[in-house]
Structure formats: structure tokens, C-alpha cells
1. Would you calculate the volume per residue, in Å³, of the smallest convex hull containing every Cα atom of the stretch 397-535?
2. Projecting each Cα onto the charge dipole of the chain (Lys/Arg +1, Asp/Glu -1 at the beta carbon, about the Cα centre), which of P152, A550, L130 comes out farthest on the positive side?
3. What is the magnitude of the charge dipole of the chain about its Cα centre, with +1 placed on the Cβ of each Lys and Arg, -1 on the Cβ of each Asp and Glu, and no other charges, expressed in debye to the nearest 20?
4. Amide H of L239 versus every other amide H placed in the peptide plane: which residues, excluding those fewer than 5 positions away on the same chain, fall under 5 Å?
5. If you consider only alpha-carbon coordinates, what radius of gyration and Dmax does the stretch 291-365 have, in Å?
6. Give the shape of the stretch 73-132 as rounded, prolate or oblate, defined through the alpha-carbon gyration tensor: a ≥ b ≥ c are the square roots of its eigenvalues, a/c under 1.5 means rounded, and otherwise the shape is prolate if a/b is larger than b/c and oblate if not.
7. Would you calculate the separation in nanometres between label points at Q96 and D17, each defined as 7 Å from the Cα along the Cα-to-beta-carbon direction?
8. Need one word for the stretch 337-386: rounded, prolate or oblate. Basis is the Cα gyration tensor (sqrt eigenvalues a ≥ b ≥ c); a/c below 1.5 gives rounded, then a/b vs b/c decides.
Amino acid sequence: MRSEHITTSGLEALPLDRQELNTHVESMMSALEQYSAHRAVTPGGASWLYVHHVPVRRLVTQLVRKLMALNAWPPFAEAPGRMTLAPYEGMIDVRQRSSREYRPYTVTWSGVAYILGASAQYNPMQSTRLRKLSAHSPEAKPFPDSTSEILPKTEVVALSWSSRHWQSLLPVLEELARDGRRSVLVDLATDPTEQRSAPMADGISLLPVPAEAFAASGGPPNPTLDDKKIEEPEPTVRLGAHSVRLRRVEQLASALLAMAGGCTQQSWQATIMVERWFEEVLDSTRPHTVIVSNDTSPLGALAVHASERRGISTVHLQHGAWTEETVAWPALHSRHIVVMGERDVVLANAWARHPDAEVHVLGQPRFDALAGLRRETQRQYLKKLLATGLGRRPERILVWACQPFGPDRLQAQAELLLDGLEGVEEDWGLVITPHPVQSTDVFDDLLQRNSRTLVAIADRRVGARGCLAGADALASAHSTCGIEAVLLNIPVLEIGLPGERTLRLAEHGIARRCSTAEDIADALTALRTPQPPHTQAAADAVCRWRGNSATDIAQLIVGQASTDAAQFDHTRHDAPGTAPGLPQGEGVPVR
């Protein structure tokens, strides 16, 4: 025992097989579904595990990672032993991330020990850090008396809780308004910077959710923590050398859902309140269609369930790029699934859960405005950001479209870019464009780095969209801005260490994969010579861009409301129906 040891950080750094990880997560979620999904349902009939599948699955994924790491450490794999808890350590915690609102929950090593059967007499469910976060949450207040009574009758209700959502949805609603069709945009965002505050066009009503909607705390009912009251044997799931107790997994999930976490991860009690409020909105407006940009996370799943129960058609509008690794739960619940490009059809068909699902390749309405971007104006903005008091101005400019990763990963990507830029003979400058939900203080250390490369940070309100047209190249791991740059024929560098996921634009020949500083330098050096434009087929595979996506989607919504949607047009791809075993509450009676 004195000679064979490893730190927990060392365990977490051990390489894991991604496919094996996904298999174990799927197995554990299926077992938890059978064991626990029936324990709590909303008044509308949606199971707690159907609505909150994504946050629970992410927590289970963190648990599985740690269990697999134990299996991957030879001394433990050869002679598995009992684990003990750290005194008074909470069993769920939050990892570091640069997002302002989203909380990346995780299971602590004490939580792992508890899952495997260790006694936890003095360990709270939540860490001190999480309890402090919950203590800062606003107190819940009663809802006002029926906000929905003042709403007019409308044909379409759209849901948004992110700036990327309403930016994608509004062009469609504006097209509908031009045709005299009224709509309501329900704004569920709890982060003020993600809310829609500008005036709406005639025919579109903006309905913010009451501020107190997401303040309620309290999780679903769960088994007692008193082990003495539990009859043996307990249901378990086998994972390598480990026997995982499902009752204890359910306890951790219930503790997770007891916390008020805003619109991205609301508590179970907040879910019940929001469902009642949204059902009042539907009963008042009586739309024929509900359109969302995310129907997999809690709010989207809840909205689609409530709409389907009323016979309202549901439309999912893909707002960001998909790859198999980008989703926490490969499930789409809406009747109509609008995707950006041809490559998304395969994934949409595989993920579709609605028995009559149809997939339509209609592009991204948010991109319709790309043709109107003023390149020279954006170029001047980038030059102004990089200008110094000594009059130095770089010859070329690289824009880095960031994602809200953890500080360590962002630092690794920053070092990759700067090392690559310093290996190029030409004088390049780097402009960082933070993600809309990202805190900019995570870049403070980067700005203080001693480097010959000029570095600046764009205003978050400008974002990558306000910069990319003026750039000589754009770098990103998997920001949708990479697709926008491709459509404008701006060279794209897909960055990240080997094995890290990207948008896979390089596989279509429309970007360059860069895993080392040498890759960065070679890609930028190659730009000295003119690059041939991308083929239409390569671009269409990623995103069908004709400048009329909003019009096409509006026609789809109107057409499916009045005639058989199967007659819409040739760009429709029929999904093969639903996979075996619909999640509880998904447009069907509760099991």
C-alpha cells in the first residue's frame, strides 16, 4: 500500500476509451430509467428522468469516468478494494468552467465511494461550494395571476433561453409576420445578456417568463438515506470490477435536481412551476405550432411534451452544428426536425424519437444575414483592437472563436495558437472573440503572456459574427462560427489536441485540422497563395445556404398546419420512426 499509490488527479488523467464510456453510460441510464423513472411525474405527466435526462446523464457520465479510471489503474484492477469517504466532503460538486451560468456538475471521489457501498453518515450530498451557490440563488415567489390572459391568439409559439436561440428563431417569426401570421416568442433566459430586449416586429409578441420561475428549489422524491431501512439485495449495475447501487445513483440525481440552477438546469420544483405557466400560455394563445431550438434539454423536452399532449405540431430548429460527440443525449422529440446540412440528416434520423418524425434540410436562418456583413467595417474594427500606441499594426489577423471550456483547455488552445503564430514569418495578430455566455476574465493570463504576437479581446456583444468577415482566417474547436466563415470563404483552422472533437469541417475539405503549433504555422503560411473556393456540394453538406432559410422554414410551418406535411417539397427526408422504448412522458401516456 505504501508503494502503489496514485493521486485522484492522476486517475482522472488516465486515457479512457470513448466508445466504452458511452456504452457504460447508456447501460446505467437504461437501468436507472427502469428503476426510477416512475417515482415522480409532473402534473402534465412528464417523468422526472425524461425532463431532466440531460443533467442526470452528464452526472452519470462523470461517475462512469471515475469508475473506469479505477479499472484502468492496474493495482486496483488486479485487487479491487473498499473505498472510504473523505470526512464531511460533499458527494456532488461543480467543475471549473468559463461559462457565467451553466454549472458542470460532477461526482466527487467520496461520491464514488458512496455509490459503491461506503457508509456516508457524516457526508452531505452537496459540496460546500454548491451549497454556497444555492445560498446565493433568489428566493422563490408566487407566480403572478395568469400572465397568459393578456396574450392574443397566435399561430406559432417559439421558445428561447439563449441568444443563439432567438437569433435563429426571429428571422422565421418575422417571415411569418410579413404574411400576417402572429406569433409569440417566449423568453425563458435567466442570464440578462441572453434575453431579448430589443423591440419586436409587428405581429410578434415577446413574453418573458416571470423572474421567480426558476428560483424554486427542491428535487423529486427519493429513497431514504438511512441504509438500515433498505431491504437487501439492492438493484445494481455492473461496471467492470464495480457493483453500482442504483438507489444511491438516484439519491445523487435527486440532490442535483434539488438546486435552483437557472434556465439551463432548473430544479424539479421549478420544472413543475414552469410547466403550469407554459400550459397556460398554450391554452391562451392556442397555436398550431410550437418551435424550439433545443428540445432535448429540460425546458425543450418539457415544452414539446406539453405541446404534443394538446395536439400542437412541434418543430425543432437546429441552431448549432452537430456531431455524434456534441450531444449529451442523442434524442430529438419534435415532429418536424429542421437541420442545416445534408450531413445532419443521418444524425437526425438516428436521434428522432417522435413516431412520425420528418427531417428537413433548410439551412440556418441566422446565416441568412451573412451576405450583408460589411467586410471593410469589420476589418477596421479588428485593426483598431490590435493597434498599439507605438503604431504597430499586424499584417494579417486571425480570429479565435472561443467556446466556454474549462480554464485548462482554453489555456492549451491559446498556447497552441500563439506558438503557431510565432512560427510564421508574417506578422499576425490574434483577436479573441468570447462565447456569448463566457466570462472574459479567463483570458487575463493570456493577455499578460510575453509574446511577439499582438493579442486583443473583442467585445462580447460584437462576438465572432461581428469579426469573422474582416479576418484573414478563423480558428475554433467547434464553434458554429466556423461554418459561417466557410460560407464566406474565410479559411478555417479546426484546433485542438489529437482526439479532441471538432466540427469535422476538415473531413469535407473546407477547413484544416491543426493539432500542433507546426500545423498552425503551416496552415497560415499556405495562405500566402490564393485558395480555391469551396465547392457547393461541400458547403451544402455542412449547411445549405441560399439566403432564404427563414422563408423556407416559415413555409414549412404554414404548410404542415394546413396540409399533409409529406407534400411539402423534395428537401424533406422521412425519419424511420422512433427507436424502441420511448422515454416516459414523451408524447405518450405515462407508463
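1. Values: hull volume 13.5 nm³, N = 139.
It comes to 97 Å³ per residue, whole-number rounded.
2. L130
3. Details: 59 positive and 68 negative charges, 153 e Å.
Using only the charged Cβ atoms, the result is roughly 740 debye.
4. Excluding prolines and chain starts, which carry no amide H, the hits are V244.
5. Spelled out, the Cα radius of gyration and Dmax of the stretch 291-365 are 11.3, 33 Å.
6. In terms of gyration-tensor shape, oblate.
7. Modelled inter-label distance: 3.2 nm.
8. On the way: a/c = 4.93, a/b = 3.41, b/c = 1.45.
Prolate, because a/c is 1.5 or more and a/b exceeds b/c.
The values are calculated or read from the model by the stated rules, or taken from the named source; none is laboratory data. Since this is a predicted model, take the numbers as computed values, not measurements. No Cβ is skipped: glycine too gets one built from the backbone with ideal geometry, and neighbour counts run over all protein chains shown. For the accessible areas, the whole protein counts, side chains as well, though only heavy atoms, and no ligand, DNA or RNA atoms are used. Shrake-Rupley method; radii C 1.70, N 1.55, O 1.52, S 1.80 Å.
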